[in-house]
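Values quoted throughout were computed directly from the atomic coordinates according to the rules given, and no laboratory measurement underlies them. For clarity, every value in this text was computed on a predicted model and none was experimentally measured. Methodologically, a virtual Cβ is constructed for each residue, glycine included, from the backbone with ideal geometry; neighbour enumeration extends over all protein chains shown.
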Amino acid sequence: MKLLLLLALLLSPAAARAQALAELQRAYNSAAAKAGPAVVSVKVVKEETETVVEPDYYFGYMVPSEKLYRYHSAGLGSGVIVDKRGYVLTNLHVVEDAVKIRLVTQNAKGVEKEWMASAVAADPALDLALLKIDDDGPFPWLDLSAGAGARVGDLVLAVGYPFGFKQTFTSGIISALNASLPVEGRKYEKLIQTDAAINHGNSGGPLLNLKGEIVGINTAIASPTGVFAGMGFAVPASEIKRVLPDLLAGRPIKRGWLGVSLLHLEPYMAARLGLPSTDSAIVNVVAPGSPADRAGIRRGDLLLTCDGDPIETNEDLFLKTFSRRPGDEIELVLRRKAKKMTVRLKLGERGVDDRKAASAGPRARAAREQGELQWEGVGFVYDDGALVTGLSQKSRLAGYLRRGDRIRAVNGRAVDSPRDLKKAFAGASLAEGVVFDLLRDGEATYLSVQSR
């Protein structure tokens, strides 16, 4: 439809262009009229605490004393009614720790009405909260599943109550899909990026297509100034509709977990390890007892595809498994040395099985044996691998290796005994590039170094 409208604007006579513009205008008006009554203003009161050191006087002497003060602060956001019984979706960060929640609705004539509401469920991973209006309705609502098929370039409307003003619509396009955004120490994945203006107070409001269907819930912006700079982000409807039934039913949100982490395979890293391709990711860590471990996946395997889609980074794999449920089956294609393998396995539960795996702790190390080596200004001793015992400041490996690193393989050659210590480093050249498979602070990783 958009292509036809564009062609009409460029190639048709004035009357046809006017008609195309009129149709586009009607689409905007229709979407706004449909969505407006279902979009609400969210006003919250939060209880804050602050510890202040103030002087107290005892027997004529001043002594510092800590005093705890409690006070109320106000917050603003937006939301959208997704069930006729009065259930409202918004962002968790809008209502978190709120002691009072008020919602303001607006009917088709622009008449506002205020309601009290309470938070009934949340999904921190998606920054979502579900509110319930203190009335059974029925309320005007928007179907979440209808607009799940968003595409880059789609025309969209962002709806909300920015800065506490009246209900406001802004327009733009979907700029990108599967965007990532770090927010206050957390990283949100699989977001829709849009250039429709989103400002303070828009959080929790819907992002709509021109049919008035929800394609996402506006959640954040990226800006050097704190005000909109052309980059807004929304949680996609395709992700929300997976968890909404659980939120409505009061069930905990469960997500799938595989139990591996990956590193992207750089070209010279692949060459030094004797691997055939860089269009893949190398398995860096396999959690003990995880679904991946039980399926026989090993550290150093190349992960080529997951359910037929190519995997090149840890993020690629996360995007494939995050929305899946525990017990869902996935198919992985791996390469182990020259052998290609297909593995089918069932996912575990993120947040439960991964904690069990972590509590298992590291496996016991072998006792220290004899074996010492100096290489490129670094001192090694055999201790269940090549343990770094010293490092010259002039070494080309300074800044890469650290004292206490335990190298388990060099360019794919394992260090399994004192005899292997010299063999592993024989022929290794920093000019050509060296790949260390090492343990650092209990974490396994690959370290690639090339220095001429």
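Taking residue 113 as the anchor, which aspartates and glutamates have their alpha carbon closer than 14 Å to its alpha carbon, excluding any fewer than eight residues away along the same chain? Cross-link targets: 134, 135. Taking only the Cα atoms of the stretch 372-449, the radius of gyration and Dmax are 11.0, 29 Å. Sparse packing (at most 16 other Cβ atoms within 10 Å of the Cβ) combined with a DSSP loop state is found for the following trypsin sites (Lys or Arg not before Pro) in the stretch 193-250: 211. Between residue 151 and residue 163, the modelled label-to-label distance comes to 3.6 nm, taking each label 7 Å out from Cα in the direction of the beta carbon. Protection proxy ranking, highest mean first, for peptides 323-332, 280-289, 199-208: 199-208, 280-289, 323-332, where packing is the per-residue count of other beta-carbon atoms within 10 Å, averaged.
Summarising the label geometry, the points placed 7 Å from Cα in the beta-carbon direction at residue 372 and residue 181 lie 5.7 nm from one another.
Could you order peptides 111-123, 435-447, 156-168 by the average number of other Cβ atoms within 10 Å of their residues, highest first? Mind showing how you got there, number by number?
On the way: 111-123: 15.2, 435-447: 17.2, 156-168: 20.5.
The most tightly packed comes first, giving 156-168, 435-447, 111-123.
About the Cα centre, and with charges only on the beta carbon of Lys, Arg (+1) and Asp, Glu (-1), how big is the dipole of the chain? Nearest 20 debye, please. Using Cβ point charges on Lys, Arg, Asp and Glu, the chain gives about 1140 debye.
Go ahead and estimate [θ] at 222 nm for the chain from helices alone: -39,500 (n - 2.57) per DSSP H run with n ≥ 4, summed, over the residue count, rounded to 500.
Values: 9 runs with 82 residues, N = 452.
Result for the chain: -5000 deg cm²/dmol, rounded to the nearest 500.
With 26 Å as the limit, the listed pairs 132/254; 166/211; 34/100; 34/241; 84/241 have 34/100 beyond it between alpha carbons. Taking the structure as given and computing Kirkwood radius over Cα pairs in Å, which label from [x] 22.8; [y] 21.6; [z] 26.1 fits? Answer label, from the structure shown: [z].
Between residue 441 and residue 25, what FRET efficiency follows from the Cβ-Cβ distance if R0 is 56 Å, with the result rounded to 0.05? Mind showing how you got there, number by number?
Details: r = 60 Å, r/R0 = 1.08.
Calculated value: 0.40.
What residue among 171, 150, 87 has its Cα farthest toward the positive end of the dipole of the stretch 86-200, where the charges are +1 on Lys, Arg and -1 on Asp, Glu, each on the Cβ? So the residue we want is 171. As a test of understanding, state the convex hull volume per residue of the stretch 20-81 from its alpha carbons, in Å³. Enclosed volume per residue, from the Cα hull, is 101 Å³.
Going highest first, how would you order 132-145, 407-420 by mean Cβ packing within 10 Å?
Working: 132-145: 15.9, 407-420: 17.9.
The packing order, highest mean first, is 407-420, 132-145.
Within the stretch 37-107, list the GluC sites (Glu not before Pro) lying in a DSSP loop whose Cβ has at most 16 other Cβ atoms in a 10 Å radius. Please list the in-between numbers first.
Working: sites: 47, 48, 50, 66, 96; in loops: 96.
Taking the stretch 37-107 and a limit of 16 other Cβ atoms within 10 Å, the loop GluC sites (Glu not before Pro) found are 96.
Loop-only check: which GluC sites (Glu not before Pro) in the stretch 142-238 are DSSP coil with at most 15 other Cβ within 10 angstrom? Passing sites in the stretch 142-238 are 184. Taking every alpha-carbon pair in the stretch 41-169 and binning the separations at 5 Å intervals from zero gives 2, 9, 15, 18, 16, 11, 7, 5, 4, 4, 4, 2, 2, 1, 0 percent. Available extension along the chain between residue 402 and residue 102 is 102.5 nm, counting 0.36 nm per residue and deducting the alpha carbon span.
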